[in-house]
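The values are calculated or read from the model by the stated rules, or taken from the named source; none is laboratory data. As the structure is a prediction and not an experimental result, all values here were calculated from the model. With ideal geometry, Cβ positions are generated from the backbone for all residues, glycine too; neighbour counts draw on all protein chains shown.
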């Protein structure tokens, strides 16, 4: 006689207790009955979720791992077992290569029959086998929901796994985790050699590691999306205007005209920039007051927001902040050698 449904799954997947260690030690359910268990990028919970989601968009990157916390997992955490060959063999071995027969627990006969068909197909058909454990953090109702699902499931691209409902908010968090966000490129100065004079403005502009999309106002942004079944979310990471600082406390910061990447005049009117003299003003730069070797630092802060559905355009006006997002700012730094203006050189 086979053991009970609950005992069978709990015995088979006792090893999933490690999942409980990977997430914060919090109560299994919130006051409204929903799961209050959460995880963050890099945990086994988030890795499991990634295997369920279909990602897309220009800046999706499987290798990205942006920090997002407080990701809420669904009650039924399907675990991938492999493709039509390797995954099918897992199913076949589970049943000792013997048809469990009609009425087998958790739709076992259907899974076994499908695995025997898929394991010999060439070319290998697209899809993934999944196995469903019992999440030890589930409520009794959630656990019963998962027990009503099959033990093994063959999932083809674009098909949602049974019993899985991931809200758009969580999809947005997962999409952000797998987004390729630009890093620092070069810092460009004028005078471009990094040699200047006291009271002569040093203009500053930056570049990124790759070219992002640009909104109508010139705002750089990148985007990707995540989808599961009928639910989808699009995420945008957008830049804020560049911030400048200098190591010389007596220096004047000219930041009123700073764009998202610094000086606009260095692009629109480089001739005027080159002819800006002592005591002039930069649209975005630093005017050092005394000789020495000083540092200019530029910082760009990213903001992440999301909206329901798939959207290939720029971020909408009502874009919502992504909960738990922790994107690092982008930083640039260069030294400027400042000399004193001598009367004999005509003021520089």
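Of the residues making up region 123-132, none is at pLDDT 80 or above and part of a helix (DSSP H, G or I). Of all the listed residues (186, 227), the sole one being surrounded by 14 or more Cβ atoms within 10 Å (Cβ to Cβ) and either touching a helix residue (DSSP H, G or I) at 6+ places or on another chain (Cβ under 9 Å) or in contact (Cβ under 8 Å) with a residue 60 or more places away in the chain (or both) is 227.
Considering each residue of region 302-313 in turn, none proves to be surrounded by fewer than 17 Cβ atoms within 10 Å (Cβ to Cβ) and within 21 Å of residue 199 (Cβ to Cβ).
Listed here are the residues, each with its yes/no results for (1) farther than 19 Å from residue 188 by Cα; (2) part of a helix (DSSP H, G or I); (3) modelled with pLDDT of 95 or more.
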residue: 245; (1), (2), (3): no, no, no
residue: 256; (1), (2), (3): no, no, no
residue: 266; (1), (2), (3): no, yes, yes
residue: 276; (1), (2), (3): no, no, no
residue: 290; (1), (2), (3): yes, no, no
residue: 296; (1), (2), (3): no, no, yes
residue: 307; (1), (2), (3): yes, no, yes
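Residues checked against (1) over 22 Å from the mean Cα position of the chain (by Cα); (2) at positive phi; (3) surrounded by fewer than 23 Cβ atoms within 10 Å (Cβ to Cβ):
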site	(1), (2), (3)
139	yes, no, yes
144	yes, no, yes
147	yes, no, yes
155	yes, no, yes
160	no, no, yes
165	no, no, yes
177	no, no, no
182	no, no, yes
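Residue count for region 268-313, restricted to those that are in contact (Cβ under 8 Å) with a residue 60 or more places away in the chain and over 30 Å from residue 325 (Cβ atoms): 18.
Given the criteria part of a loop (DSSP other than H, G, I, E, B), out of contact with any helix residue (DSSP H, G or I) (no Cβ under 9 Å at 6 or more places or on another chain) and modelled with pLDDT of 90 or more, does residue 162 qualify? So residue 162 does not fit the description; no. When region 175-209 is limited to residues that are farther than 14 Å from residue 237 by Cα and part of a loop (DSSP other than H, G, I, E, B), the one that is modelled with the lowest pLDDT turns out to be 194.
Within this structure, residue 80 fails the test of being free of Cβ contacts under 8 Å to residues at least 60 places away in the same chain, touching a helix residue (DSSP H, G or I) at 6+ places or on another chain (Cβ under 7 Å) and assigned to a loop (DSSP other than H, G, I, E, B).
For (1) more than 30 Å from residue 48 (Cα to Cα); (2) under 31 Å from the mean Cα position of the chain (by Cα); (3) in the same structural domain as residue 336 (by TED's automatic domain parsing); (4) surrounded by fewer than 16 Cβ atoms within 10 Å (Cβ to Cβ), each residue gets a yes or a no:
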residue: 211; (1), (2), (3), (4): yes, yes, yes, yes
residue: 234; (1), (2), (3), (4): no, yes, yes, no
residue: 238; (1), (2), (3), (4): no, yes, yes, no
residue: 248; (1), (2), (3), (4): yes, no, yes, no
residue: 255; (1), (2), (3), (4): yes, yes, yes, no
residue: 275; (1), (2), (3), (4): yes, no, yes, yes
residue: 285; (1), (2), (3), (4): yes, no, yes, no
residue: 288; (1), (2), (3), (4): yes, no, yes, no
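Applying the criterion of being part of a loop (DSSP other than H, G, I, E, B) and surrounded by 15 or more Cβ atoms within 10 Å (Cβ to Cβ) to the residues of region 83-122, the residue that is nearest to the chain's Cα centre (by Cα) is 83. In region 319-332, is there at least one residue being modelled with pLDDT of 95 or more, assigned to a loop (DSSP other than H, G, I, E, B), under 30 Å from residue 195 (Cα atoms) and in contact with a strand residue (DSSP E or B) (Cβ under 6 Å, 6 or more places away or on another chain)? Yes, there is a match, as at least one residue in region 319-332 is modelled with pLDDT of 95 or more, assigned to a loop (DSSP other than H, G, I, E, B), under 30 Å from residue 195 (Cα atoms) and in contact with a strand residue (DSSP E or B) (Cβ under 6 Å, 6 or more places away or on another chain).
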